Amino acid sequence: MSDPDVVICSAKDCRDPATVKLHWNNPKLHPPERRKVWLACPHHQQSLTDFLAARGFMRDTEPV
C-alpha cells in the first residue's frame, strides 16, 4: 500500500519520491501569476529543469 503523503516524480516512468517542486508557466498560454508544478526526484531534477528552462518556462523551485 502506498503512502498518501509521498509525492512521486513527474518524469516519465519514474516512481521515486519527489524532493522538489519545479514551478513553471508558458507565457504564451498562462498569465504571469499562474504557476504549474512538476515534481522532481534528485535524479531527474536537473533534466526537468533544463527542459523547462530551454523553453523559457522555468520560474522557481521549492522543497516538497
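Rule-based calculations on the coordinates, nothing more; no lab input. Everything quoted here is computed from the prediction, not taken from an experiment. Neighbour counts run over all protein chains shown; Cβ positions are idealised from the backbone, glycine included.
Structural remarks
- Across the chain, the volume of the C-alpha convex hull divided among the residues equals 95 Å³ per residue.
- Between helix 45-54 and the chain: long-axis angle, C-alpha atoms, 0 to 90°, nearest 10: 20
- Partners for Lys12 among aspartates and glutamates (Cα-Cα distance below 19 Å; same-chain residues under 8 apart left out): Asp50
- The 3J(HN,Hα) values that the Karplus relation (6.51, -1.76, 1.60; θ = phi - 60°) gives for segment 21-34 are, in residue order, 9, 9, 8, 8, 7, 9, x, 7, 10, 10, x, x, 7, 6 Hz. Gly and Pro appear as x.
- Once both labels are positioned 7 Å from their Cα atoms along Cα-to-Cβ, the gap between Ala53 and Asn26 label points is 2.2 nm.
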